[in-house]
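In what follows, a single structure is set out as structure tokens and then discussed.
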Amino acid sequence: AAMSVFVTRRIPAEGLRVLSQASGCRVQQWDSEEPVPRAELLSRVAGTRGLLCLLSDRIDREVLDAAGPGLKVISTMSVGFDHLALDEIKKRGIRVGYTPDVLTDATAELSVALLLSACRRLLEAAQQVKSGGWTTWKPLWMCGYGLSDSTVGIIGLGRIGQAVARRLKPFGVKKFLYTGSGPKPESAAEFGAEFVPLARLAEESDFVVVTCALTPATQGMCNKDFFSRMKKTSVFVNTSRGAVVNQEDLYDALAQGQIAAAGLDVTTPEPLPTDHPLLSLKNCVILPHIGSATYATRSTMAVLAANNLLAGLRGEPMPHELKL
Ligand code: GLV
Ligand code: GLV
């Protein structure tokens, strides 16, 4: 029987080729840089066996109902899976593939770049050059905070969190703290990282980096109480999901000087409206969710997502299957 699959976006060609060259695979695609409109998604999934989607596609009960009982596999081209209604998916016996590991290096690298941009005020400084604000070398101008002798707190010491710590260590970080659902001595050993409660991480860190998954337990976790415990000289970086942060509370903390700066690769919503208050702050660097955006990584993610989908449709073990 033909395996019909629907791909919700234009993806790197290497990934689509894996699908189109697979025998018995009939590929349909929303071949656009822009997201598939919801109504289009609902009509195009009808009768499909496999769905290759992105983190910007909300795969909920409505989509699953529209797909019908023939849908066997969902493969997301992302490490995050908070956009998938896993309870509903599990109930229907649908298998899920995702793309961990292959984007760890790219995302960790972007996290470091964002941290340095925020703490050394790179975008603000570059803007001064363009606007004529650079009048002379000034001892007290454009100063920020450095990593040397600092304490770094990682929220979520998973693959990406460890890769961030590994990259930051050579900058002279004195101490790593981390928090999460429980201690991970094996992951922490390389950095001598200490497991601490969230409140202590906030109080003692000079830099906080959020790399945890978005779950009911982490939603809104970085809130008013959290920011009020942080040092006035500290810098907050989030490369996981926007909803881990209470954005109004973050705005207040930045606007009132409760923390020094923030770097965000993820926001709520995405895209962030161009008139959003956070965008008016000089001490907040915001990027458009580009953690995994290297050519090589995106290509590898697309191939992995395609291979996950095919393996699932063939009833074989997937290269990376989410345990439901
Ligand atoms: C990116 O945020 C991903 O989940 O892959
Ligand atoms: C997942 O978010 C990871 O850390 O790889």
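The values are calculated or read from the model by the stated rules, or taken from the named source; none is laboratory data. Given the structure is predicted, the values throughout are model-derived calculations rather than measurements. Counting neighbours? That spans all protein chains shown, and the Cβs are built from the backbone with ideal geometry, glycine included.
Considering each of 5, 45 in turn, give the residue that is over 20 Å from residue 297 (Cα atoms) and either free of Cβ contacts under 8 Å to residues at least 40 places away in the same chain or in contact with a Phe, Trp or Tyr (Cβ under 8 Å, 6 or more places away or on another chain) (or both). Of 5, 45, the one residue that is over 20 Å from residue 297 (Cα atoms) and either free of Cβ contacts under 8 Å to residues at least 40 places away in the same chain or in contact with a Phe, Trp or Tyr (Cβ under 8 Å, 6 or more places away or on another chain) (or both) is 45.
The C-beta contact set for the range 285-306 (first residue on the phi > 0 side of the Ramachandran plot, second residue assigned to a loop (DSSP other than H, G, I, E, B) and of a type outside the set (Gly, Ala, Ser), distance under 7 angstrom, 6+ apart or interchain) comprises 289/265; 289/266; 289/270.
Of all residues in the range 114-125, those satisfying the criterion of being under 26 Å from the mean Cα position of the chain (by Cα) and either within 16 Å of ligand 1 (Cβ to nearest atom) or in a helix (DSSP H, G or I) (or both) are 114, 115, 116, 117, 118, 119, 122, 123, 124. Residues that are closer than 20 Å to residue 199 by Cα and acidic (Asp, Glu) within the range 223-276 comprise 225, 248, 249, 252, listed in sequence order. Only residues that are closer than 30 Å to residue 76 by Cα and aliphatic (A, V, I, L, M): list them for the range 89-147, please. Of everything in the range 89-147, those that are closer than 30 Å to residue 76 by Cα and aliphatic (A, V, I, L, M) turn out to be 89, 94, 96, 102, 103, 106, 108, 110, 112, 113, 114, 115. Is it the case, given these coordinates, that residue 282 is surrounded by fewer than 21 Cβ atoms within 10 Å (Cβ to Cβ), closer than 21 Å to residue 112 by Cα and away from ligand 1 (no atom under 16 Å from the Cβ)? Spelling it out, residue 282 is indeed surrounded by fewer than 21 Cβ atoms within 10 Å (Cβ to Cβ), closer than 21 Å to residue 112 by Cα and away from ligand 1 (no atom under 16 Å from the Cβ). Taking the criterion of being on the phi < 0 side of the Ramachandran plot and in contact with a Pro (Cβ under 9 Å, 6 or more places away or on another chain), would at least one residue in the range 200-215 satisfy it? Checking the range 200-215: not a single residue is on the phi < 0 side of the Ramachandran plot and in contact with a Pro (Cβ under 9 Å, 6 or more places away or on another chain).
Just so you know, in the range 65-95 the residues that are in contact (Cβ under 8 Å) with a residue 60 or more places away in the chain and under 10 Å from residue 51 (Cβ atoms) include one that is farthest from ligand 2 (Cβ to nearest atom), and it is 72. None of 243, 255, 260 is of a type outside the set (Lys, Arg) and more than 22 Å from residue 110 (Cα to Cα) except 255. So which residues in the range 227-241 are closer than 13 Å to residue 209 by Cα and out of contact with any helix residue (DSSP H, G or I) (no Cβ under 6 Å at 6 or more places or on another chain)? 234, 236, 238, 240, 241 - these are the residues of the range 227-241 that are closer than 13 Å to residue 209 by Cα and out of contact with any helix residue (DSSP H, G or I) (no Cβ under 6 Å at 6 or more places or on another chain). Residues in the range 269-281 include at least one that is over 21 Å from the mean Cα position of the chain (by Cα) and touching a residue at least 24 places away in the same chain (Cβ under 8 Å). A single member of 138, 184 is assigned by TED's automatic domain parsing to the domain that holds residue 245 and closer than 26 Å to residue 105 by Cβ, and it is 184. Out of 303, 237, 245, report the one residue that is buried (at least 24 other Cβ atoms within 10 Å of the Cβ), out of contact with any Cys (no Cβ under 7 Å at 6 or more places or on another chain) and β-branched (Val, Ile, Thr). Going through 303, 237, 245 in turn, the sole match is 237.
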